[in-house]
Amino acid sequence: AENVSVQCGESEGWSYYFAGGLVPDNKAGFTEDAITDGKFTLVLDDQGEGDVLAVDASGRLLSAKAQGGKVITLDATKALNWLLLYSDGTIENYALNLTSMKAALWRNTVGNENVAKNSLMIADCVLQ
């Protein structure tokens, strides 16, 4: 095993917003979505332990592990996957295609009281 660090830039894709919390009925449904100026780093250490570091909207760098997320990593010949599980029910799956160096982010936050949604986004990445 070896250390892997993959830096990814802004993401774009689609989200489905559920009505409730901060989302009124007329704003529920599918919409194009993006995380502009967003950055995340997929990390895998030489022990096979993974983490996801992300810059939030305020510019703070956050670690999935430090926020209480359980990180499970899976690897294959042409892909790497990070599965994050949080106690509030949020699930994130980062799937990195090693051929195209694009990462797909699937995020399920249906348990969030304020903004329940499912998202599928894609970002360009580079190996560090």
Open item on the list: For a quick check of your reading of the filter: which trypsin sites (Lys or Arg not before Pro) in segment 30-67 sit in a DSSP loop and have no more than 13 other Cβ atoms within 10 Å?
Closed with: Arg60
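Excluding ligands, DNA and RNA, what is the solvent-accessible area per residue of the chain at a probe of 1.4 Å, expressed in Å²?
Numbers: 7780 Å² over 128 residues.
Ligands and nucleic acids excluded, the result is 61 Å² per residue.
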Task: Selected from Gly68, Gly13, Gly50 as most flexible by GNM, with the chain as the system and alpha-carbon contacts under 10 Å - done: Gly68
Task: lysines with Cα under 16 Å of Lys102, excluding same-chain neighbours fewer than 8 positions away - done: Lys39, Lys78
Open item on the list: Based on alpha-carbon atoms only, what is the radius of gyration of segment 11-107 relative to the globular estimate 2.2 N^0.38 Å?
Closed with: 1.19
TODO: For segment 1-19 and segment 81-117, write down the distance between their C-alpha centroids in whole Å.
DONE: 7
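Please state the relative contact order of the chain as a whole percent: Cα pairs under 8 Å, 6+ residues apart?
Values: 326 pairs, mean separation 35.8, N = 128.
Result for the chain is 28 percent.
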TODO: Could you tell me what percent of the accessible area of the chain is made up of carbon and sulfur, with a 1.4 Å probe and every protein chain present?
DONE: 52
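Please give the net charge around Ala19, taking every other residue with its beta carbon less than 14 angstrom from that of Ala19, where Lys and Arg add +1 and Asp and Glu add -1. Walk me through the numbers before you get to the answer.
Values: positive: Lys27, Lys117; negative: Asp25, Glu113.
Around Ala19, the surrounding residues sum to 0.
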Task: Relative contact order [Cα under 8 Å, 6+ residues apart], segment 1-65, whole percent - done: 33
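For segment 69-109, which semi-axes, largest first and in whole Å, follow from the square roots of 5 times the eigenvalues of its Cα gyration tensor? The partial results should precede the final answer.
Details: eigenvalues 91, 23, 4 Å².
Semi-axis lengths for segment 69-109 are 21, 11, 5 Å.
The values are calculated or read from the model by the stated rules, or taken from the named source; none is laboratory data. Worth saying up front: this structure is predicted, and the values here are computed from it rather than measured. A quick note on method: Cβ atoms are made from the backbone with ideal geometry, for glycine too, and the neighbour counts reach across all protein chains shown. Note: areas computed on protein heavy atoms with side chains; ligands, DNA, RNA excluded. Shrake-Rupley method; radii C 1.70, N 1.55, O 1.52, S 1.80 Å.
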